[in-house]
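Comments concern the structure below.
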Amino acid sequence: MKTLRVREGMEREELGKRLGYSTSTIAAFEQGRRIPTPRTIERADEVLRADGLLCLWKEQVERAQYPTFFQGMAALEKEAMELLVYDTLVINGLLQTEAYMRALLTIRRPPLKQDVIEQRVVARLARQQVLDRDPAPLLSFVMDESVLRRPYGGTDVLRQQLEHLLRVGQERTVQLQVMPLSSAECAGVDGPFTVAVRKDGKQFVYAETQGTSSLESDPPRAALAASRYGIIRSQALNPRESLAFIEGLLRSL
């Protein structure tokens, strides 16, 4: 980007104005401290008369938005026809509000640099486009009650997050379920995981912990995870009960 800008005799300030960014943000793009969105890359290609050169890197740059351990799953989310998600620690990134994202990223230890936080927020918001995809994938989320009670970022952030869950839960392609703390049985004792199903029917199971992850494509393992998810879903509150439960939590704040 810098080479093309210099070739055009253009200052960072001028490029920033034409792309809708500050001079410091253009510098961050050029120095690799911040990842431009696919739309920004397309616009920069036009403005800098790159004839598609920048667009050639769009897919690689998009992948670089995510931590290395999540890049494979991020690509899989974009093409999955079904996602089965079980969470026990935080609300899944596909359902998070921006304020909730920032709260989680801010409390990380060791602390993340501010430009890394901004990059992760942009990337996580981009992931949520899967909710608006056409045709829409089938999305099922089961989350532990404790996830809905922990006020990351404070009560106001949690309130906004619960309101967002209620809105998303009304979508016909989305099922939200709560695993209540009062449940004496829960098949999810091994922790959070996601089962992704591609259009060709191939299943994958993803799990992460402490900055590492595993993305399994072995058919027996993936099938076992999908079966386990089915049991978890049967043990949780049904979608209608779950939305009522979230409404009750919201009223208590």
Going by average Cβ neighbours within 10 Å, how do the peptides 5-13, 75-83 rank, with the highest at the top? 75-83, 5-13
Mean Cβ count within 10 Å, highest first, over the residues of peptides 14-20, 178-184: 14-20, 178-184
Modelling each spin label as a point 7 Å along the Cα-to-Cβ direction, I'd like the Gln60/Glu46 distance in nm, to one decimal. 2.5 nm
Would you give the gap between the C-alpha center of region 115-165 and the C-alpha center of region 43-59, rounded to a whole Å? 31 Å
Is region 109-195 rounded, prolate or oblate when judged by the Cα gyration tensor, a ≥ b ≥ c being the square roots of its eigenvalues, rounded requiring a/c under 1.5 and prolate requiring a/b larger than b/c? oblate
Under 16 Å Cα-Cα from Lys17, which lysines qualify once same-chain neighbours fewer than 8 residues away are excluded? Lys2
Reachable lysines from Lys199, criterion Cα separation under 27 angstrom, eight or more residues apart if same chain: Lys58, Lys78
PRE zone check, label point 7 Å out along Cα-to-Cβ of Ser217, amide N under 14 Å, scope region 33-72, hits 72
Label assignment, Cα Rg over 2.2 N^0.38 Å derived from the structure, set (i) 1.36; (ii) 1.13; (iii) 0.92: (ii)
Tell me the mean residue ellipticity at 222 nm calculated for the chain from its helices only (DSSP H runs of n ≥ 4, each -39500 (n - 2.57), averaged over every residue, nearest 500). -14000 deg cm²/dmol
Simple SL model, points at 7 angstrom along Cα→Cβ for Leu112 and Arg251; separation in nm is 3.6 nm
Efficiency by 1/(1 + (r/R0)^6): what FRET value for Val6 and Val130, r their Cβ-Cβ distance, R0 = 22 Å, to the nearest 0.05? 0.05
As a test, work out the antiparallel percent of DSSP beta bridges whose residues both lie in the chain, rounded to the nearest 5. 55 percent
For the chain, what % of the accessible area comes from carbon and sulfur atoms, probe 1.4 Å? 50 percent
In terms of the alpha carbon gyration tensor, root eigenvalues a ≥ b ≥ c, rounded if a/c is under 1.5 and otherwise prolate when a/b exceeds b/c or oblate, region 83-140 is oblate
How much accessible area per residue does the chain have, in Å², with a 1.4 Å probe? 54 Å²
For region 127-253: rounded, prolate or oblate by the Cα gyration tensor [a/c cutoff 1.5]: prolate
With a Förster distance of 30 angstrom and the Cβ-Cβ distance between Asn238 and Gln210, calculated FRET efficiency to the nearest 0.05 equals 0.35
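The values are calculated or read from the model by the stated rules, or taken from the named source; none is laboratory data. As the structure is a prediction and not an experimental result, all values here were calculated from the model. In this analysis, Cβ positions are derived from the backbone assuming ideal geometry, glycine residues included, and neighbour counts consider all displayed protein chains. Surface areas here come from the heavy atoms of the whole protein model, side chains and all, with no ligands, DNA or RNA. Shrake-Rupley method; radii C 1.70, N 1.55, O 1.52, S 1.80 Å.
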